[in-house]
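**Student:** My questions all concern the structure below.
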Amino acid sequence: MEKLQYISQGFTIEDQELNIRKALDNGIQWIQVRWKNAPENEFIKLCETSKKLCSKYQAVCIINDHVHIAKEIDANGVHIGLQDMPVEAARFILGEDKLIGGTANTFQDVLQRMTESCDYIGLGPLRFTQTKEKLSPVLGFKGYQDIIQELKKRSLDIPKLFAIGGVVLNDIKLLQQIGIYGVAVSGQITGQPSIINKFKTALQ
């Protein structure tokens, strides 16, 4: 599984598509299409375009929240929040071969996601981020450390955890030392797509 996800950003369909294209041009291999409060017809259109672009670049295309749209356009999977559709229901709709990622903010959330057999867990936020309207309590590096130590204490396998929420390139080393598998990045890649290769190198 790829260790770097780009979470798409932009207030209009044009911005979103441009940012996704730039990320793919710069070597991203995993796009999560996320556009909150978008008009549904435009969001579907963006998802269709993104899936075609990802196929062309042989990249993974994940849809944020919208399980039925992911099914409709045959995306590679979905990422679902804690308030969204249950993982079991999403798995039933999408089938066994699709990726399902789930958000987590606490140790209990991580346990829930592991029980639900998520393929990966987006754990965060690492720090304050402007891309989320309703931000969960910020974890910081210590929050990640505590969660991973608790998993080890209970002799549980550490799942594929992705740090999310205000992640920048300089965080990678420390996150990996803590035991985080990968990162989901939005702002820094949107602002500077050429940084993708540095992220990929750091995550190797």
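The values are calculated or read from the model by the stated rules, or taken from the named source; none is laboratory data. The structure displayed is predicted, hence computed values, not measured ones. All Cβ positions, glycine included, derive from the backbone under ideal geometry; neighbour counts span all protein chains shown. Ligands, DNA and RNA are stripped out before the accessible areas are found, and what is left, the full protein with its side chains, is counted by its heavy atoms. Shrake-Rupley method; radii C 1.70, N 1.55, O 1.52, S 1.80 Å.
**Student:** Within the range 172-204, which residues are surrounded by fewer than 19 Cβ atoms within 10 Å (Cβ to Cβ), in contact with a strand residue (DSSP E or B) (Cβ under 7 Å, 6 or more places away or on another chain) and of a type outside the set (S, T, Y)?
**Tutor:** The answer is K200, L203.
**Student:** Do any residues in the range 92-112 that are under 15 Å from L126 (Cα atoms) have Cβ atoms under 9 Å from those of residues that are of a type in the set (K, R), where the two are at least six apart or on different chains, and which pairs are they?
**Tutor:** T103/R113; A104/R113
**Student:** Moving on. Scanning the range 1-14 for residues that are open to solvent by 70 Å² or more (accessible area, probe 1.4 Å) and free of Cβ contacts under 8 Å to residues at least 40 places away in the same chain, which turns out farthest from the chain's Cα centre (by Cα)?
**Tutor:** Among those residues, the one meeting the criterion is E14.
**Student:** While we're looking at this one, here's another question. Return the pairs, sorted by first residue and then second, in which the second residue is assigned to a helix (DSSP H, G or I) and open to solvent by 40 Å² or more (accessible area, probe 1.4 Å), the first residue lies in the range 138-166 and is closer than 18 Å to Y120 by Cα, the beta carbons are less than 6 Å apart, and the residues are 6+ apart or on different chains.
**Tutor:** P159/M114
**Student:** Looking at this structure, is L24 closer than 24 Å to L169 by Cβ, part of a helix (DSSP H, G or I), modelled with pLDDT of 95 or more and open to solvent by 70 Å² or more (accessible area, probe 1.4 Å)?
**Tutor:** No.
**Student:** Continuing with this model, one more query. Six or more apart or on different chains, Cβ atoms under 7 Å: show the pairs whose first residue is in the range 189-200 and more than 15 Å from D171 (Cα to Cα) and of a type outside the set (D, E, K, R) and whose second is open to solvent by less than 70 Å² (accessible area, probe 1.4 Å) and in a helix (DSSP H, G or I).
**Tutor:** T190/N19; P193/A23
**Student:** Among S186, S194, which is out of contact with any Pro (no Cβ under 9 Å at 6 or more places or on another chain) and closer than 14 Å to I7 by Cβ? Give the derivation first.
**Tutor:** Details: S194 fails: closer than 14 Å to I7 by Cβ.
Matching residue, one of S186, S194: S186.
**Student:** Does the range 27-37 hold any residues that are surrounded by fewer than 20 Cβ atoms within 10 Å (Cβ to Cβ) and modelled with pLDDT of 95 or more, and which are they?
**Tutor:** Hits for the range 27-37 are G27, Q29.
**Student:** Here's a check for you: in the range 125-157, which residue that is at pLDDT 95 or above and aliphatic (A, V, I, L, M) is nearest to K200 (Cα to Cα)?
**Tutor:** By that ranking, first place goes to L126.
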